[in-house]
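Visitor: Quick one: the structure is below, and I'll ask about it shortly.
Every number here is computed from the coordinates shown, using simple stated rules; none is lab data. These numbers were taken from a predicted model, which means no experiment stands behind them. Methodologically, a virtual Cβ is constructed for each residue, glycine included, from the backbone with ideal geometry; neighbour enumeration extends over all protein chains shown.
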Amino acid sequence: MDTSYESRNLRVEVGSRVVLDGVSFEIGRGEFVAIMGRSGVGKTTLLRVLAGLIEPSSASDVRFQGDPVAGPPEGVSLVFQDYSNSLLPWRTVAKNVELPLEGRLVKAERRTRVAEALEMVGLADRADDRPFELSGGMQQRVQLARALASRPAVLLMDEPFGALDALTKADLEDQLLDVFAATGTTVVFVTHDIEEAVYLSDRVLVLDGAPARVEAEITVESPRPRTQIRTRESPGFLAARHRVLEVIFGTS
């Protein structure tokens with residue numbers, strides 16, 4: 001497998017508590033992988049390890065494109081759930097998207113990338129608006145556009161749609177799948193929503209235990225492109241959903 005990430009015997013301690021222990025997996029380039037598990041199991045901790053924001057124990061081996069993760073890897077963008085506090089209210093949508101490019105690229109290239117990213121998320125006509133003029137779903141699209149403007153090899157997403165209503169969430173799920181298909185970017189997506197995990201991903205990693213480990217790796221046998229109705233009624237979706245529920249809640 002041509003990998004984006006490899007984890008071998010990952011162990012993370014927070015204070016006196018061991019949060020993750022013996023966590024091993026691989027994530028292929030261009031793969032969409034969801035990370036599931038009960039609240040507090042360590043999903044966000046794992047994502048922050050991949051982002052280079054948390055240092056695991058010395059016995060752990062975590063690699064990005066073959067190199068040990070020692071700080072934030074080049075080519076990785078992180079998208080958070082809290083879209084409202086991640087945007088600067090005094091800057092326009094375009095200027096918010098441009099922020100991580102400033103000081104790195106000349107103005108013409110920055111503008112090209114911003115326009116490209118806003119087009120990708122369906123906000124090309126809102127470039128001059130301020131964040132407070134946008135709905136919550138649109139604000140989250142701005143955050144996604146900002147991540148895409150860097151043309152990352154990997155998108156790490158920490159429950160990005162968790163605070164949105166069901167209809168807006170479904171719309172953004174499809175927007176994300178369009179971006180995924182257009183860019184080939186690897187996506188690692190933390191969520192507590194089982195149906196969302198199965199709908200979006202190629203594989204679902206289920207964390208369980210205290211300390212947590214990978215309890216199951218579940219392949220989603222649903223063809224792409226996916227749609228909210230057809231995919232959610234398909235045998236592959238239902239089988240994967242059943243398996244995730246079985247792992248998390250048991251077979252009783």
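Visitor: Under a cut-off of 29 Å between alpha-carbon atoms, report the lysines in cross-link reach of residue 43, not counting same-chain residues fewer than 8 places apart.
Guide: By straight Cα distance, residue 43 reaches 169.
Visitor: Got a sec? Charge dipole of the chain, +1 on Cβ for Lys and Arg, -1 for Asp and Glu; which of 9, 187, 76 is way out at the positive end?
Guide: The one lying farthest along the dipole's positive direction is 76.
Visitor: For the residue pair residue 29 and residue 112, what label-to-label distance in nm results when each label sits 7 Å from Cα along the Cα-to-beta-carbon direction?
Guide: 2.2
Visitor: Along the charge dipole of the chain, which of 176, 103, 65 sits closest to the positive end, that is, farthest toward it, with unit charges on the beta carbon of Lys, Arg, Asp and Glu (+1, +1, -1, -1)?
Guide: 103
Visitor: Could I ask something else about it? Determine the relative contact order of the chain: mean sequence separation of Cα pairs under 8 Å and six or more apart, normalised by residue count, in whole percent.
Guide: Averaging sequence separation for qualifying contacts and normalising by length gives 25 percent for the chain.
Visitor: Treating the beta-carbon of each Lys and Arg as +1 and of each Asp and Glu as -1, no other charges, what is the dipole magnitude of region 83-151 about its Cα centre, to the nearest 20 debye? Don't skip to the end; give the middle numbers.
Guide: Numbers: 12 positive and 9 negative charges, 50 e Å.
The dipole of region 83-151 has a size of about 240 debye.
Visitor: Sticking with this one: Net charge near residue 187: determine it from the other residues with C-beta under 10 Å of the C-beta of residue 187, scoring Lys and Arg +1 and Asp and Glu -1.
Guide: Surrounding charge for residue 187 is -2.
Visitor: Also: Over region 83-151, what is the relative contact order in percent, taking alpha-carbon pairs closer than 8 angstrom and at least six residues apart?
Guide: 51
Visitor: May I pose another question? Going toward the positive end of the dipole of the chain, with +1 on Lys and Arg Cβ and -1 on Asp and Glu Cβ, which of 161, 36, 50 do you reach last?
Guide: So the residue we want is 50.
Visitor: Same structure again: If you place +1 on the Cβ of every Lys and Arg and -1 on the Cβ of every Asp and Glu, how big does the dipole about the Cα centre of the chain come out, in debye to the nearest 20?
Guide: The dipole of the chain has a size of about 360 debye.
Visitor: Please give the peptides 64-71, 45-52, 109-116 ranked by average Cβ packing (other Cβ atoms within 10 Å per residue), highest first, as a rough proxy for protection.
Guide: Details: 64-71: 14.4, 45-52: 21.6, 109-116: 16.6.
Answer by packing, highest mean first, reads 45-52, 109-116, 64-71.
Visitor: While we're on this one: Convert 10 °C to kelvin, take the viscosity as 1.306 mPa s, use the Kirkwood radius over C-alpha pairs of region 83-151 as Rh, and evaluate the Stokes-Einstein diffusion coefficient in µm²/s, rounded to a whole number.
Guide: The Stokes-Einstein estimate is 138 µm²/s.
Visitor: Let me know the charge dipole size of region 1-131 about its Cα centre in debye, to the nearest 20, where only the beta-carbon of Lys, Arg (+1) and Asp, Glu (-1) is charged.
Guide: On the way: 17 positive and 19 negative charges, 71 e Å.
Roughly 340 debye, rounded to the nearest 20.
Visitor: Which aspartates and glutamates does residue 95 reach when only Cα atoms under 16 Å apart count, and residues fewer than 8 places away in its own chain are ignored?
Guide: Cross-link targets: 109, 116, 119, 125, 128, 129, 133.
Visitor: Kirkwood hydrodynamic radius, region 146-252, all distinct C-alpha pairs: what's the number in Å?
Guide: For region 146-252, the Kirkwood estimate is 14.7 Å.
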